[in-house]
1. In this structure, does Asp80 turn out to be acidic (Asp, Glu) and in a strand (DSSP E or B)?
2. Which residues, counting only those in the stretch 19-66, are within 18 Å of Lys83 (Cα to Cα), out of contact with any strand residue (DSSP E or B) (no Cβ under 6 Å at 6 or more places or on another chain) and within 13 Å of the ligand (Cβ to nearest atom)?
3. Does Ala107 meet the test of being crowded, with 16+ Cβ neighbours inside 10 Å, among the aliphatic types (A, V, I, L, M) and free of Cβ contacts under 8 Å to residues at least 60 places away in the same chain?
4. Failed condition for Lys87, given (1) more than 15 Å from the chain's Cα centre (by Cα); (2) assigned to a helix (DSSP H, G or I), with all others met?
5. Can you name the residue in the stretch 67-81 that is of a type in the set (A, V, I, L, M, F, W, C) and within 16 Å of the ligand (Cβ to nearest atom) and, of all such residues, is nearest to Gly25 (Cα to Cα)?
6. What about Ser66, is it polar (S, T, N, Q), under 25 Å from Lys121 (Cβ atoms) and assigned to a helix (DSSP H, G or I)?
7. Tally time: how many residues in the stretch 8-62 are without any contact (Cβ under 8 Å) to a residue 12 or more places away in the chain and either crowded, with 18+ Cβ neighbours inside 10 Å or assigned to a strand (DSSP E or B) (or both)?
8. Which one of Leu93, Leu84, Leu106 is at negative phi and away from the ligand (no atom under 16 Å from the Cβ)?
Amino acid sequence: MAYSEKVMDHFANPRNVGEIPDASGIGEVGNPKCGDIMRMYIKVDGDVISDVKFKTFGCGAAIATSSMATELIKGKKIEDALKLTNKAVMEALDGLPAVKVHCSVLAEQAIKAAVSDYYKKKGIDPAPLVGDIPECESCECDLH
Ligand code: FES
């Protein structure tokens, strides 16, 4: 299984690691099969995600996809962050081995979960805004 240079870079030097103590929203998602957990913190100013941090207890690909996902949504409007798919995260990393596709799904789920939490804290029903949080379907691994 070969990882791209970008995956190795984001695994070895993950961006935006940590927590935001006064986060506007926190999303925690996990893959029950592999046991990996991803927690994402967002700070929202107006309708912009002004800051984002993550903590991932998981495999290298999960760390690299969380890192790239935070880079892709930082400074973006919430509505644009919600459009970020796991495929876009994978493309930005120059691809992932097929057995690691599900790790990128965690990153998309974590963003959507953090935005849902933000809306819930504001008393807004997140379901129509965030939509369904995707399950991993594209994965060819034997974890599911
Ligand atoms: Fe579990 Fe990558 S997220 S193996």
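Please treat every number below as a calculation from the coordinates, not as lab data. The shown structure was predicted, so the numbers you read here are calculated from the model rather than taken from an experiment. Reconstructed Cβ throughout: ideal geometry from the backbone, glycine too, with neighbour counts over all protein chains shown.
1. Working: acidic (Asp, Glu): yes; in a strand (DSSP E or B): no.
Spelling it out, it is not the case that Asp80 is acidic (Asp, Glu) and in a strand (DSSP E or B).
2. Thr65
3. On the way: crowded, with 16+ Cβ neighbours inside 10 Å: yes; among the aliphatic types (A, V, I, L, M): yes; free of Cβ contacts under 8 Å to residues at least 60 places away in the same chain: no.
In short, no.
4. Of (1) more than 15 Å from the chain's Cα centre (by Cα); (2) assigned to a helix (DSSP H, G or I), only one is false for Lys87: (1).
5. So the residue we want is Ala69.
6. Yes, satisfied.
7. Within the stretch 8-62, residues that are without any contact (Cβ under 8 Å) to a residue 12 or more places away in the chain and either crowded, with 18+ Cβ neighbours inside 10 Å or assigned to a strand (DSSP E or B) (or both) number 1.
8. Details: Leu93 fails: away from the ligand (no atom under 16 Å from the Cβ); Leu106 fails: away from the ligand (no atom under 16 Å from the Cβ).
None of the others qualify; the one that does is Leu84.
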